[in-house]
1. Right, Thr67: open to solvent by less than 60 Å² (accessible area, probe 1.4 Å) and at pLDDT 95 or above or not?
2. Which residues, taken from segment 43-63, are open to solvent by 60 Å² or more (accessible area, probe 1.4 Å) and free of Cβ contacts under 8 Å to residues at least 12 places away in the same chain?
3. Could you list, in sequence order, the residues of segment 1-24 that are part of a loop (DSSP other than H, G, I, E, B) and of a type outside the set (A, V, I, L, M, F, W, C)?
4. Applying the selection to segment 25-42, what residues are in a strand (DSSP E or B) and open to solvent by less than 60 Å² (accessible area, probe 1.4 Å)?
5. Residue by residue through segment 76-95, note down the ones that are part of a loop (DSSP other than H, G, I, E, B) and surrounded by fewer than 19 Cβ atoms within 10 Å (Cβ to Cβ).
6. Kindly provide the set of residues from segment 8-24 that are open to solvent by 60 Å² or more (accessible area, probe 1.4 Å) and closer than 19 Å to Tyr36 by Cβ, ordered by number.
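The values are calculated or read from the model by the stated rules, or taken from the named source; none is laboratory data. Quick caveat: nothing in here was measured; it's all calculated off a predicted structure. Because the Cβ atoms are built from the backbone with ideal geometry, glycine has one as well, and the counts that use them run over all protein chains shown. Ligands, DNA and RNA are stripped out before the accessible areas are found, and what is left, the full protein with its side chains, is counted by its heavy atoms. Shrake-Rupley method; radii C 1.70, N 1.55, O 1.52, S 1.80 Å.
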Amino acid sequence: QVQLVESGGGLVQPGGSLRLSCAASGSIFSYVMGWYRQAPGKERELVARIFTAATTKYADSVKGRFTISGDNAKATAYLQMNSLKPEDTAVYYCNANRGFDYWGQGTQVTVSS
């Protein structure tokens with residue numbers, strides 16, 4: 001079983017940047033790591049997933065602005081978010097999948113002037 005703890009959320013102005021971190025309780029080497037988000041009144045949606053260092057997947061709405069990465073040695077996944085927009089406001093959740101989904105508790109990201 002993997003426990004995930006997100007950090008790095010907060011309030012940022014439009015055009016700003018944030019980096020989210022997801023610390024795992026154990027090795028993430030064999031897991032597909034991902035970031036999802038859920039805005040008020042909306043369903044949770046995929047933001048980005050990382051399969052290998054060279055294979056990633058992004059939602060069209062964040063392509064070119066967000067970058068997902070992982071550090072196996074630190075058992076941590078990251079989401080670098082640049083050029084943030086108000087529509088990026090949501091609770092962001094870390095996910096680890098190896099045939100079964102593990103979720104973090106979420107971290108709030110608010111983009112507002």
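1. On the way: open to solvent by less than 60 Å² (accessible area, probe 1.4 Å): no; at pLDDT 95 or above: yes.
Answer is no for this residue.
2. Matches in segment 43-63: Glu43, Thr52, Ala54, Thr55, Lys57, Asp60, Lys63.
3. The first filter runs over segment 1-24 and keeps only residues part of a loop (DSSP other than H, G, I, E, B), leaving 1-3, 8-9, 13-17.
Passing the criteria: Gln1, Gln3, Gly8, Gly9, Gln13, Pro14, Gly15, Gly16, Ser17.
4. Taking segment 25-42 as the starting set, the residues that turn out to be in a strand (DSSP E or B) are 32-38.
Residues satisfying the conditions are Val32, Met33, Gly34, Trp35, Tyr36, Arg37.
5. In the first step, residues of segment 76-95 are kept if they are part of a loop (DSSP other than H, G, I, E, B); the result is 82-85, 89.
Passing the criteria: Asn82, Ser83, Lys85, Thr89.
6. Passing the criteria: only Arg19.
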